[in-house]
Amino acid sequence: MRVSAPNFEQLERLNGTRDADLIARRYVDPTLNRGRGAQTNKGSRFDRQSREEFDDGWGQVEDLKPFETIEHVERAKSIITRNESPDIGFDRSINAYRGCEHGCSYCFARPTHAYLGHSAGLEFERDIYVKANAVDLLRRELADKRYKPKPIAMGTNTDPYQPAERQHKLTRGILELLLETRHPVTITTKSALVVRDLDILKPLAEQNLVRVALSITSMDHILSRKMEPRASTPEKRLEAVRLLSEAGIPTTVMAAPMIPAINDMELERILDAAAAQGAVGANAILLRLPGEVRDIFREWLLRHFPDRVSHVMSLVRDTRGGKDNDPNFGTRFVGEGPYATLLRQRVDLAKARYKLDRPIAPLRTDLFTPPAVDDGQMSLF
């Protein structure tokens, strides 16, 4: 396997720090993972065996192929996921895909790929699972006599408009069914592909059945490409905010995550630009590093910002009680300490300045009509 190690100067900066463990790691050759966020591909934490590369002086017998996307078609057993987390504003969600090609190194969903026997690193971005029966499953679940409607959140684990959606159109099919049944839905995405479905989103909005949130992490084209290598450009996302708003669809912006000393200085600029394009609300989430994300993010940081590794991680730890991550409800999204407090104050002030703190009416649930189901066809699932 061809690899490239950080240069001497990069390693020297880490000596004697809490991040010195990054020095001995072997990183994938950048020519093999262009357009990817992760820099390594460590196996699943559930693997019983692990392999370690060793240079015996003979070089690599054969080169690895680049990490090209592989799609796995699966037939899921259910499609609506429930949660009872007290600090999340929804109790159910849909993810028609597993894994995400956008490649954000900080994505909190990466550890879930281990349950499929895959790495949370490059394989999370490369091995995309497509739930081919998502729409049929949703029809069956909505038709259940015990079902009680509440807003379904899309984009909570993987992006519903990631590149695979262009071909498979599962998100579009789900939205068509939600329009048919007049069921409320919220969408969070980094992709301008969402405007493809304006013909569905507009009638949903006319009945107060939909809200869309665009995630924008930077206005800097170069930084955005490093942070989210296969997501839409900041310009295209802002254009999506404008087109959605002009169509009467309530659209908000998520400045998430805010990473100390990387993109946090852009907070006000992001919210200002979003308001100018018609956004009606905004929020920000502090960087989280659960499970394997801790190492994947630090490796990304070493590759792209080697002079800032110690500074960034010091600030992150200051917001997490000295640790790399805080999983506790109530603080995991906002952090604690002086930096986190200042960030929250900046968010509140910017929302007030740009009129992004206006109340948004709750989505309606009283219009829901259960879908018709062909019992003979459903027996096949």
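Every number in this text was worked out from the coordinates using simple rules, so none of it is lab data. These numbers were taken from a predicted model, which means no experiment stands behind them. Ideal geometry is used to build each Cβ from the backbone, glycine not excepted, and the neighbour counts take in all protein chains shown.
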Compute the projected area of the convex hull of the Cα atoms of the range 204-321, averaged over all viewing directions, and report it in nm² to one decimal place. 8.2 nm²
Please get the size of the charge dipole for the chain, origin at its Cα centre, with Cβ charges of +1 on Lys and Arg and -1 on Asp and Glu, quoted in debye to the nearest 20. 820 debye
Gain in span if fully extended, Ala247 to Asp21, counting 0.36 nm per residue against the direct Cα distance: 76.3 nm
Give me the orientation-averaged projected area of the Cα convex hull of the range 96-174, in nm², one decimal. 5.8 nm²
Stokes-Einstein D for the range 135-209 at 37 °C, 0.692 mPa s, Kirkwood Rh over Cα pairs, in µm²/s? 255 µm²/s
Can you grab the distance from the C-alpha centre of the range 161-226 to the C-alpha centre of the range 270-343, Å, no decimals? 25 Å
Rounded to the nearest 5, what is the percent of antiparallel bridges among the DSSP beta bridges in the chain? 25 percent
HN-Hα J in Hz across the range 362-371 - Karplus 6.51, -1.76, 1.60, θ = phi - 60°, x for Gly and Pro: x, 5, 7, 10, 7, 8, 4, 10, x, x
Shape metrics for the range 294-363, restricted to C-alpha atoms - Rg then Dmax, Å: 15.6, 46
3J(HN,Hα) from dihedral phi, the range 72-82, Karplus parametrisation 6.51/-1.76/1.60, rounded to Hz, x for glycine, proline: 10, 8, 10, 10, 6, 8, 8, 10, 8, 9, 9
Listed by chain and number, the residues whose amide H is under 5 Å from that of Met258, excluding neighbours fewer than 5 places away on the same chain and using placed H, are Ile285, Leu286, Leu287
Would you calculate the convex hull of the Cα atoms in the chain and tell me its volume per residue in Å³? 150 Å³
Looking at the range 256-381, what % of the alpha carbon pairs are farther apart than 16 Å? 70 percent
Computed [θ] at 222 nm, deg cm²/dmol, the chain (DSSP H ≥ 4; -39,500 (n - 2.57); rounded to nearest 500): -9000 deg cm²/dmol
